[in-house]
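These notes are about the structure you will find just below.
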Amino acid sequence: MQRVRIHYFKGEALQYIGNLDLHKVWERTFRRARVPLAYSQGFHPQPRMHQACPLPLGFTSQVELLDFWCDSEESLAELQSKLEKSVQPGIEIQTLTNVPLKSPPLQTIVESAVYYVTLPEDCDLEPIQEKVNQLTRLEICMRDRRGKQYDLRPLIKELTFSAAQPATIYMRLMAMPGATGRPEEVLEELGISPFVVDVVRTELTLLPVPEEVENNV
Amino acid sequence: MLNRIEIKKKLKAILPTVVKPGRYFGGEFNHVVKNWDEIGLRMALVFPDIYDIGVPNLGISILYETINKRPDTLCERAYVPWLDMEEAMRENSLPLYTLESCAPLAEFDVIGFTLPYETLYTNVLNAIDLAGLPLRSADRNDSHPIIIAGGHAAFNPEPMSAFIDAFVIGEGEEAIHDVLDCIKSAKTENLSRLQTLERLQAIPGIYVPAFYDVTYNENGSVQSVEPTSPRFPKKIVKRVVGILPDPPTHFIVPSIDVVHNRIAVEIMRGCTRGCRFCHAGMVNRPVRERSVEQIVNAIEESMKNTGYEEIALLSLSSSDYTQIEELVSTISEKFAGRNLVISLPSLRIETFAVGLMEKLKGVRQGGFTLAPEAATDRMRNLINKPIQAEQLLETARQIYSRGWNSIKLYFMIGHPFETMEDVQAIADLCKQVIKEGRKIIGNKASLHTGVSTFVPKSHTPFQWTALDSIPNVLDKQNLLKDQLRTPGMKMTWSNPRETILEATLSRGDRRLSNVIEDAWRHGAKFDAWMDQFNYNLWIDALEGAGLPPEIYTSREREISEVLPWDHISTGISRKYLEREYKKALAGETTEDCRDQCLACGIVPTLTDQLKEKDGVNWVCLEAA
């Protein structure tokens, strides 16, 4: 049994595919590639896979992570070549690495995520610059999402704006369970419709893995 | 009209605002994108319901793969948008487009609709309209695509005759090539639309309704259907393939969840049982089987190509597949331990079926489905599906004792001459079944009863019979609802108003084209969706056309009457249907025609087509 972490790009072809569906997309990719996934025990055995952090619909990403457990002892290079032949358009596999079997679930060790927003050419930049400045100066920024009040401000770790064409916004948002900043919420706070911009996730910061696990490969 | 690039651009702004945008973006595994500018002949296949329902359709899967194997043709897919997307499309003047190239339907040479059932008709109109094309065949000109349609409902093409240029009657695997070749040469020769349609009508199995005139009697029935010129055949005989070709193995793998996420392999086509209500059993004759090897290879190949975890072995009567034991044991040995779900529906009610299913269950799941259809001997003899109650009970005992907790039974009410006693017998039988289950596994035992309402269908021995009335059907449903919804028992039933619509559309004549258009103009669409169906729109439309629904539904037809589909031949003779109808009225059953040929007419009518492939005389399968 080995546990493998895939780093991949999620491109435009899959930008409207949500997290649950993406899980199925991967499951079928493994089947096509004949990579034998390990299954959970119980009445409804499920293939063992973890995804790091759901990507909101409509965005692309250069830092998607997926852990899988597999019964084969094939090398990472062999696995990668098999998977690349079977992967769905829209997924670009970057690297495969081994992870200690006992390492904590992937979704529990994500700390923050970086999003790059490219604004359309005809955008009025001055008010955006002003709003970015305002938002960074705020201490509290209460928002309403699906009927629930929450404070967006502490979820924003960094927020900068560049007017050089094409104009971009850089944001680093918290991405911990129960404390996840959503890029479209920040955009709406800045008065920008998330439907007219391109958003790419470019970085995921993981919490350090405890040493006893690290030594236990 | 917007071009492909403009459509893509607009989608970017629209898709984030609609539910399940993955429906409208394509990009699935196994989709085929050919070079638009390099390929001269372009066909769009349209399933007239949403993506989730259309993707698993086997007919579309077969045609998509078959057509895209032609180097000279490009074939893409479109589905009907759900209400939110339709609204967004209309607001943004976005035409209906194909998923592969984002190309507007109007840019294709041929548009092909599949018509598996009648309640999709208004969606077809909606699709043609969303494509920016004139609804009616007569209003389209040389610049418009040719619109064709096929599928089970097309065996009575008349109600949709105003909108479809040409129907393909019967099986499409070979006919589609004839149609495409014809349209290709018409394009090279720069033929007019009329000339193209004339050439299409010359292809066996093709029906161009514009070349046929219908007259009516004073009582509203059809008087005659005649070709407008002696060049056109009086009867259109359906197409069949003599030998089933290899099944599709490159199924579209959608990236979102759809109604069936599976590999479907048709193990056999046609049925010899002769149940008198069954449209599929009549129109799909003769029986043709695929070999075990062909089926197993197709499964292996499809698994490699799709990664699906579920396989369905389809046919109208799986127990009648002559090599069923060998097939099931080969499959269970070959694919054991791979966490697959393999389903084998349409099994006969006998303990043998339980043994088959037991071999296939890997990850045990769901229930076990059986279709007794009726519960008294009188009704079973009438519909020609004789099953002993004890046989059903013994099968149920086996199912519950071999690890299934739930059984689903399908019954039909509204058969001709049905009484309340016959309906009560359904309730009694169900109660007996659950009682057996409880004896074996206690309160874990559950029973789901599906009660549909009989619709007399064209081309069956019951095509002359009347539809049961709404008050009768409601009484019968209430009787069952009172008794079959207790702890451990569940019942589902069909809306009698939807049944009326289905009966009207499936046995109607071409005057219904006006009714369908009128209903659609007043908002009818997604009629197969319980929450979208609006009965009053249809009643108003029928009234507006001066056609009381009774002339199509509750009226028993005379044997001598010209039926609106009499010029369409399934290969089965009218004489055979009449004989079966009379036997039904006399309460007589008819044996399986594998035991004794009943001269249904299939062989003499289709002999040329059946011979074509292997050059020898066709012989129907006999009992093993």
So which residues in segment B:243-268 are away from chain A (no Cβ under 14 Å) and free of Cβ contacts under 8 Å to residues at least 60 places away in the same chain, if there are any at all?
B:Leu244, B:Asp246, B:Val265, B:Met268
Checking A:Lys102 against (1) surrounded by fewer than 16 Cβ atoms within 10 Å (Cβ to Cβ); (2) out of contact with any helix residue (DSSP H, G or I) (no Cβ under 6 Å at 6 or more places or on another chain); (3) more than 9 Å from chain B (Cβ to nearest Cβ), only one condition comes out false. Which one?
(2)
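Can you tell me how many residues in segment B:408-422 are out of contact with any Asp or Glu (no Cβ under 7 Å at 6 or more places or on another chain) and not in a strand (DSSP E or B)? Steps first, please.
Of the residues in segment B:408-422, the ones out of contact with any Asp or Glu (no Cβ under 7 Å at 6 or more places or on another chain) are B:408-409, B:413, B:415-422.
Retained after the next criterion (residues that are not in a strand (DSSP E or B)): B:415-422.
Here the count works out to 8.
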Which residue pairs have Cβ atoms closer than 6 Å, lie 6 or more positions apart in sequence or on different chains, and pair a first residue in segment B:376-389 that is touching a residue at least 60 places away in the same chain (Cβ under 8 Å) with a second residue that is basic (Lys, Arg) and not in a helix (DSSP H, G or I)?
B:Ile383/B:Arg276; B:Asn384/B:Arg276
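On the basis of being buried (at least 16 other Cβ atoms within 10 Å of the Cβ), modelled with pLDDT under 95 and touching a Lys or Arg at 6+ places or on another chain (Cβ under 7 Å), does B:Ile572 make the cut?
On the way: buried (at least 16 other Cβ atoms within 10 Å of the Cβ): yes; modelled with pLDDT under 95: no; touching a Lys or Arg at 6+ places or on another chain (Cβ under 7 Å): yes.
The answer is no for B:Ile572.
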Out of the residues in segment B:495-551 that are among the charged types (D, E, K, R) and without any contact (Cβ under 8 Å) to a residue 12 or more places away in the chain, which is nearest to B:Asp52 (Cα to Cα)?
B:Asp531
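Which of the residues spanning segment A:3-48 are part of a loop (DSSP other than H, G, I, E, B) and either at positive phi or facing chain B (nearest Cβ under 7 Å) (or both)?
Quick first cut of segment A:3-48, residues part of a loop (DSSP other than H, G, I, E, B) only: A:11, A:15-18, A:34-36, A:38, A:40-46, A:48.
Correct list: A:Tyr16, A:Ile17, A:Arg34, A:Gly42, A:Pro45.
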Filtered residue count, segment B:562-575, keeping only those that are more than 22 Å from the chain's Cα centre (by Cα) and in contact (Cβ under 8 Å) with a residue 40 or more places away in the chain:
1
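Considering only segment B:10-24, I want to know if a residue exists there that is aromatic (Phe, Trp, Tyr) and touching a strand residue (DSSP E or B) at 6+ places or on another chain (Cβ under 8 Å).
In the first step, residues of segment B:10-24 are kept if they are aromatic (Phe, Trp, Tyr); the result is B:24.
In the following step, the residues that additionally are touching a strand residue (DSSP E or B) at 6+ places or on another chain (Cβ under 8 Å) were identified as none.
No; the residues of segment B:10-24 include none that is aromatic (Phe, Trp, Tyr) and touching a strand residue (DSSP E or B) at 6+ places or on another chain (Cβ under 8 Å).
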Among the numbered conditions (1) modelled with pLDDT of 95 or more; (2) over 26 Å from the mean Cα position of the chain (by Cα), tell me where B:Thr249 comes up short.
(2)
Grab the helices (runs of 4 or more DSSP H) fully contained in segment B:535-624, keeping just those with 2 or more residues being hydroxyl-bearing (Ser, Thr, Tyr) and within 30 Å of B:Ile387 (Cβ to Cβ).
B:574-585
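Have a look at A:Thr95, A:Thr108, A:Thr118 and point out the one that is surrounded by fewer than 18 Cβ atoms within 10 Å (Cβ to Cβ), within 14 Å of chain B (Cβ to nearest Cβ) and not aliphatic (A, V, I, L, M). Before the answer, list the steps.
Working: A:Thr95 fails: within 14 Å of chain B (Cβ to nearest Cβ); A:Thr108 fails: within 14 Å of chain B (Cβ to nearest Cβ).
The unique qualifying residue is A:Thr118.
Do you know which residues across segment B:305-319 are farther than 23 Å from A:Ser40 by Cα and either free of Cβ contacts under 8 Å to residues at least 60 places away in the same chain or polar (S, T, N, Q) (or both)?
From segment B:305-319, those farther than 23 Å from A:Ser40 by Cα are B:305, B:312-319; that's our starting set.
Scanning segment B:305-319 gives B:Asn305, B:Ala312, B:Leu313, B:Ser315, B:Leu316, B:Ser317, B:Ser318, B:Ser319.
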Collect the residues in segment B:46-87 that are in contact with a Phe, Trp or Tyr (Cβ under 8 Å, 6 or more places away or on another chain), closer than 17 Å to B:Thr306 by Cα and not aliphatic (A, V, I, L, M), keeping them in residue-number order.
B:Asn57, B:Ser61
For B:Lys10, are the conditions met, namely being at the interface with chain A (Cβ under 10 Å from one of its Cβ atoms) and either touching an Asp or Glu at 6+ places or on another chain (Cβ under 7 Å) or closer than 18 Å to B:Pro81 by Cβ (or both)?
no
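Residues are listed down the side, and each one gets a yes or a no for (1) within 30 Å of A:Gln94 (Cα to Cα); (2) modelled with pLDDT under 95:
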{"site": "A:Pro120", "(1), (2)": "yes, yes"}
{"site": "A:Asp124", "(1), (2)": "no, yes"}
{"site": "A:Glu158", "(1), (2)": "yes, no"}
{"site": "A:Gly178", "(1), (2)": "yes, yes"}
{"site": "A:Val196", "(1), (2)": "yes, yes"}
{"site": "A:Leu207", "(1), (2)": "yes, yes"}
Which residues, counting only those in segment A:87-138, are of a type in the set (S, T, N, Q), within 23 Å of the chain's Cα centre (by Cα) and assigned to a helix (DSSP H, G or I)?
A:Gln107, A:Thr108
Only one of (1) assigned to a helix (DSSP H, G or I); (2) surrounded by fewer than 17 Cβ atoms within 10 Å (Cβ to Cβ) fails for B:Gly403. Which number is that?
(1)
Scan of segment B:27-49 for residues that are within 14 Å of chain A (Cβ to nearest Cβ) and at pLDDT 95 or above, ordered by number:
B:Glu28, B:Phe29, B:Asn30, B:His31, B:Val32, B:Val33
Flagged in segment B:475-495 as of a type in the set (Ser, Thr, Tyr) and under 22 Å from B:Ala528 (Cα atoms), in numbering order, are B:Thr492, B:Ser494
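The values are calculated or read from the model by the stated rules, or taken from the named source; none is laboratory data. Fair warning: this is a prediction, and the values are worked out from it, not measured in the lab. Positions of Cβ are generated from backbone atoms using ideal geometry, with glycine treated the same way; all protein chains shown enter the neighbour counts.
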